[in-house]
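The values are calculated or read from the model by the stated rules, or taken from the named source; none is laboratory data. Source: prediction; values computed, not measured. Here the Cβ is made from the backbone with ideal geometry for all residues, glycine too, and neighbour counts use every protein chain on show. Just the protein is used for accessible areas: all its heavy atoms, side chains included, with ligands, DNA and RNA removed. Shrake-Rupley method; radii C 1.70, N 1.55, O 1.52, S 1.80 Å.
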Amino acid sequence: MAELKRRAAVLISGRGSNLGALIAAARHPAYPAELALVLSNRADAAGLDRAREAGIPAEVVESRPFGRDRAGFEAALGARLEAAGIGLVVLAGFMRVLTEGFVAAWAGRMINIHPSLLPAFPGLDTHARALAAGVRLHGCTVHFVTPGVDEGPIIAQAAVPVLPGDDEAALAARVLAQEHRIFPAALAWAASGAARLEGGRVVLDAPMAGGALANPLPGGAGLPTEIP
Ligand code: GAR
């Protein structure tokens with residue numbers, strides 16, 4: 001049923017570990033998206049090599065020469081997407097703020113992963129900010145892209161505990177492992193239509209988690225598990 005697969009482009013700026021997770025998932029014959037193109041705004045993005053090793057066309061559209069001309073950069077990007085017949089754009093560590101025009105053109109057809117439990121901690125340095133805020137739970141979010149930075153209707157989230165002794169690297173690694181779990185699933189839902197926008201929210205045909213993740217564990221400190 002390869003002809004039914006949505007043609008997806010993955011946009012990156014760096015390491016590409018999420019791209020690697022998507023590539024692994026997309027190898028499954030039943031995966032509903034084909035990774036047809038990888039685009040980077042930086043020629044030195046390590047993720048480009050991952051794509052090429054997997055046989056995926058990987059191209060660079062340098063953002064730097066465009067300076068503040070964001071629309072000019074996006075026109076170049078859009079031309080590559082159109083030429084490749086792309087139907088779904090996947091932002092996987094793509095560190096460029098997009099204009100309203102570009103976002104509108106891809107409304108409901110562009111998803112992003114962000115390393116926090118949005119709407120907490122949009123923007124940069126999420127793990128350091130989570131540690132500084134003293135939150136007990138942190139995590140990651142996949143969402144449809146709307147004009148605000150790291151905003152938009154949420155498809156999937158995963159929460160991890162913040163543990164005593166955590167530094168930024170330890171917390172980032174714990175979150176990243178979850179990014180690699182939820183991003184391939186969220187892309188599959190978006191590609192198949194199992195996740196779709198209705199009235200500005202995501203309707204999702206997928207199994208929902210029961211129970212809850214609490215940190216610290218209730219019942220610690222010699223307390224009974226249930227406190228009336
Ligand atoms: C990931 O942690 C992703 O969530 C984050 O960039 C990293 C890219 O890593 N994205 C954002 O911060 C978007 N606001 P990767 O290149 O190894 O996938």
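Tell me the angle of helix 17-26 to the major Cα principal axis of the chain, expressed in degrees between 0 and 90 and rounded to the nearest ten.
80
In nanometres, what is the gap between the two model label sites at residue 7 and residue 105, each 7 Å from Cα along Cα-to-Cβ?
Distance between label points: 1.6 nm.
Could you work out the local net charge near residue 27, counting Lys and Arg as +1, Asp and Glu as -1, over the other residues with Cβ closer than 15 Å to its Cβ?
Local net charge: 0.
Quantify, in whole percent, the carbon and sulfur part of the accessible surface of the range 16-121 (1.4 Å probe; protein heavy atoms only).
Of all accessible area on the range 16-121, carbon and sulfur atoms account for 54 percent.
Which of 114, 28, 138 moves most in a GNM of the chain, Cα contacts under 10 Å?
Among 114, 28, 138, the largest GNM mean-square fluctuation belongs to 28.
Using only protein heavy atoms and a 1.4 Å probe, report how much of residue 197 is accessible, in Å² to the nearest 10.
Number for this one is 70 Å².
Distance between the C-alpha centers of the range 76-124 and the range 146-173? Whole Å please.
Spelled out, the Cα-based centre of one part sits 18 Å from the other.
For n ≥ 4 DSSP H runs only, could you compute -39500 (n - 2.57) per run for the chain, divide by its residues and tell me the 222 nm figure to the nearest 500?
Taking each H run of at least 4 residues, the total per residue is -9500 deg cm²/dmol.
Determine the sum of side-chain charges near residue 196: Lys and Arg each +1, Asp and Glu each -1, restricted to other residues whose C-beta is under 14 angstrom from that of residue 196.
+1
So in the chain, what percent of DSSP beta bridges are antiparallel if you round to the nearest 5?
Here the antiparallel bridges make up roughly 45 percent for the chain.
Give me the accessible area of residue 198, 1.4 Å probe, in Å² rounded to the nearest 10.
100
Going by amide H atoms built from the backbone, whose H comes under 5 Å of the H on residue 137, apart from near neighbours?
Long-range HN contacts for residue 137: 162.
Extension gain residue 53-residue 194, at 0.36 nm per residue separation less the Cα-Cα distance, in nm?
Result: 47.8 nm gained on full extension.
With a 1.4 Å probe and all protein chains kept in place, how much accessible area does residue 80 have, in Å² rounded to the nearest 10?
Around 90 Å² of this residue is reachable by solvent.
As a test of the definition: which semi-axes, in Å, follow for the chain when you take the square root of five times each eigenvalue of its alpha carbon gyration tensor? Largest first, please.
32, 20, 17
Can you tell me how much longer the chain between residue 97 and residue 62 gets when fully stretched, taken as 0.36 nm per residue apart minus their C-alpha distance, in nm with one decimal?
11.2 nm
Using a 10 angstrom cutoff on alpha carbons, build the Gaussian network for the chain and name the most mobile of 14, 78, 211.
211
Top mean-square fluctuation among 141, 99, 126, Gaussian network model of the chain, C-alpha springs under 10 Å?
Highest fluctuation of the listed residues: 99.
Can you give the angle from 0 to 90° between the axis of helix 168-192 and the longest principal axis of the chain, with both taken from C-alpha atoms, to the nearest 10?
In the chain, helix 168-192 runs at an angle near 60 degrees to the longest axis.
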